[in-house]
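A.B. asks: Take a look at this one; I'll ask things after.
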Amino acid sequence: MLIFLKNIVTFPIKCFRALYDWTIHWAKTKHASYTLFGIAFIESSFFPIPPDVLLIAMTISEKKKWAFYAFICTLGSVLGACFGYFIGWSLYETIGKLIVETYHLGPMMNLVGQKYVENAFLTVFTAAFTPIPYKVITIAAGLFKISIVTLIVASIIGRAGRFFLVAGLLRVFGKKISDSIEKYFDIFSILFVVLLFGGFILLKHFAK
């Protein structure tokens, strides 16, 4: 019984560790910048690991490029948001529904739609800057056909604010943060899962 419970607890951590290792190994390659852009792009519509993970690894490796990496991350994420918008606008019945069902986001879609009616800009900005699942916001933006300009402007402000803040802090405290991540990885994994679920809860509360 104890072994069973231990496996339940450790399995998600092992899965996240594998995804984490796969993501950050790109930081040590000559294609790191392209990979950062790619992960930031696909995270805006379907990829589960936020680009912050690779942004952290790359900024720690080359602190002087922190602003460049934050820019690449922002650019990829905003363009990815446009792709998510396109999925919601034109491909929701095929690709969109599959993504929504995979992440169990169905109940959230109508809530986000209601929030878009109230204040589309604030809804996008809040999700872009916080742990709220960005995928549901970008896909819902296309599904409910909010202004693409609103999506882009709010995404630029929110995503740039988030990524430049993360990279800027790493520029100053990079070594300490890196050592802490490796030393307390299991704890950070649990916190990541808590933040992920917290994002869904925050989204539900925000959309009331």
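A.B. asks: Give, as residue ranges, the helices (runs of 4 or more DSSP H) completely inside region 114-208 that count at least 1 residues that are surrounded by fewer than 22 Cβ atoms within 10 Å (Cβ to Cβ), among the basic types (Lys, Arg) and modelled with pLDDT under 65.
C.D. replies: 148-183, 185-206
A.B. asks: Being crowded, with 17+ Cβ neighbours inside 10 Å and polar (S, T, N, Q) is the filter; apply it to region 27-63 and report the residue that is farthest from Gly96 (Cα to Cα).
C.D. replies: Across region 27-63, the extreme among qualifying residues is Thr59.
A.B. asks: So if I check each of Ile72, Ile42, which one is free of Cβ contacts under 8 Å to residues at least 40 places away in the same chain, assigned to a helix (DSSP H, G or I) and either of a type in the set (Ser, Thr, Tyr) or within 19 Å of Val124 (Cα to Cα) (or both)?
C.D. replies: Exactly one of Ile72, Ile42 is free of Cβ contacts under 8 Å to residues at least 40 places away in the same chain, assigned to a helix (DSSP H, G or I) and either of a type in the set (Ser, Thr, Tyr) or within 19 Å of Val124 (Cα to Cα) (or both), namely Ile42.
A.B. asks: Hey, another quick one. Working only within region 84-100, note down all residues that are crowded, with 17+ Cβ neighbours inside 10 Å and among the small types (Gly, Ala, Ser).
C.D. replies: Gly84, Gly88, Gly96
A.B. asks: Which of the numbered conditions does Thr94 fail, given that it passes all the others? Conditions: (1) hydroxyl-bearing (Ser, Thr, Tyr); (2) at pLDDT 85 or above; (3) in contact with a helix residue (DSSP H, G or I) (Cβ under 6 Å, 6 or more places away or on another chain); (4) over 15 Å from Ala141 (Cβ atoms).
C.D. replies: (3)
A.B. asks: Is it the case, given these coordinates, that Ala81 is crowded, with 18+ Cβ neighbours inside 10 Å and assigned to a helix (DSSP H, G or I)?
C.D. replies: Here the answer is yes, as Ala81 does meet what is asked.
A.B. asks: Another question, then. Considering region 61-88 alone, what residues qualify as being polar (S, T, N, Q) and at pLDDT below 95?
C.D. replies: Selection gives Ser61 alone.
The values are calculated or read from the model by the stated rules, or taken from the named source; none is laboratory data. Predicted, not measured: the structure shown is a model, and the values here were computed from it. Reconstructed Cβ throughout: ideal geometry from the backbone, glycine too, with neighbour counts over all protein chains shown.
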